Amino acid sequence: MPGLSGRMSTVVKAKISKLLDRAEDPSETLEYSYQKQIELLQNVKKGIADVVTSKKRLQLQEEKLQQQVVKLDTQARQALSAGNEELARTALERKNVAQTELQSLDGQIAQLEQQQEQMTASEQKLRTKIEQFRSKKEVIKAQYSAAEAQVRISEAATGVGEEMADVGLAMQRALDKTENMKARADAVGELEASGAFEDLTALGSGEDDIDRQLKQLSSTSEVDNELAKMKAELGGGSTPAGQLGAGGAPAEGAEGAKGSEGAKEATP
Amino acid sequence: MIIRISSEGQYELDESDVPALNELDNAAVAAVEAGDEEAFRTTFGQLLELIRTEGTLVGDDHLGGSDAILPPPDSSLAEAKAGFNGEGLIPG
């Protein structure tokens, strides 16, 4: 077949013959091939462990972010009921970034899950093939003359060699994908380390670099909406400014003295 | 004949399916050479579909080579073009 299958077959066959050419004596070929199969099986196991480790790391990151989302939401409410809208906005912006990050983590974890399943299935299959090869190898060694053995060895080795090439290719692709995700997880880790999702209580009044970056990252309209919703919840109405004014609680004019004035409850 | 879809498994197909398979296989290569992602997706997808519907999966305990081997179903055009000469993880 000259098409895609032809190209692919050529690549795989070249690999198998490279594998078989290592030894001259048929029984040596068998042992060498078997040894390589066992090595590959070990590699697959290592690969699965690698994927599982990456997955666990992302899950841990996910948990932390979930906690931050809850915390930042609480802080936004606290800031708002204390009349500090700026701080509430910053908290919501951070929450927004954390939530976006959470969504993408979800997708990545699902992908890793799928890779783990695929690799486990490959491992199972390879194990079955190796078992078949092992028993065939013993039969060949015991029953056939050198010339006959050569033919049968080549049959068996081609079958298992093809499976090995296939598992090898699937592994390489899965690990490449995992590598990409690791890089991304590192980036999120760095963002976290920079304090992007940190506690706001220790935050000063000035706007720092992180704040500016966060503002660019997070969707302003989403934050605005959430802020309005939160205000409505806390103030008990849809036009918080007017209601707060009527209720005698901190109004727009009190902005200069947010701190102590705003701390009083805005009960309508 | 036995055809392997990489990362999926081996399928046994009837000789009578060969002309249709060859046609799609060559069309997929033409799409790769033209750099036409959409045509590649379509033809390669049809080729895989034909193998899956017409063929029967070969059991895991079968120990034999394939007459033809296809790239993995999620291959990109770039991967198909490169011809999959990656070293993989085969030791040695």
Matching strands (runs of 3 or more DSSP E) fully within chain B where at least 1 residues are modelled with pLDDT of 90 or more and facing chain A (nearest Cβ under 9 Å): B:2-5, B:9-12
Any hit, the range B:1-20, residues being out of contact with any strand residue (DSSP E or B) (no Cβ under 8 Å at 6 or more places or on another chain), open to solvent by less than 40 Å² (accessible area, probe 1.4 Å) and within 18 Å of A:Leu169 (Cβ to Cβ): no
Residue satisfying all of: in the range A:119-149; more than 14 Å from every other protein chain (Cβ to nearest Cβ) and polar (S, T, N, Q); nearest to B:Leu63 (Cα to Cα) among these: A:Gln143
Sole residue being surrounded by fewer than 13 Cβ atoms within 10 Å (Cβ to Cβ), of a type outside the set (Gly, Ala, Ser) and more than 9 Å from every other protein chain (Cβ to nearest Cβ), chosen from A:Glu31, A:Glu63: A:Glu63
Number of positions in the range A:120-163 that are open to solvent by 50 Å² or more (accessible area, probe 1.4 Å) and of a type in the set (Phe, Trp, Tyr): 1
Test: A:Ala185 is away from chain B (no Cβ under 13 Å) and surrounded by 14 or more Cβ atoms within 10 Å (Cβ to Cβ): yes
Residue list for the range A:25-84, restricted to those being touching a residue at least 24 places away in the same chain (Cβ under 8 Å) and among the β-branched types (Val, Ile, Thr): A:Thr29, A:Ile38, A:Val44, A:Ile48, A:Val51, A:Val52, A:Val69
Meets criteria (more than 14 Å from chain B (Cβ to nearest Cβ) and touching a Phe, Trp or Tyr at 6+ places or on another chain (Cβ under 9 Å)) for A:Ala110: no
Options A:Ser17, A:Ser5: the member that is hydroxyl-bearing (Ser, Thr, Tyr), free of Cβ contacts under 8 Å to residues at least 24 places away in the same chain, part of a helix (DSSP H, G or I) and within 11 Å of chain B (Cβ to nearest Cβ): A:Ser5
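The values are calculated or read from the model by the stated rules, or taken from the named source; none is laboratory data. These figures come from a predicted structure and were not determined experimentally. No Cβ is skipped: glycine too gets one built from the backbone with ideal geometry, and neighbour counts run over all protein chains shown. Protein only, heavy atoms only, side chains kept; ligands, DNA and RNA dropped before computing areas. Shrake-Rupley method; radii C 1.70, N 1.55, O 1.52, S 1.80 Å.
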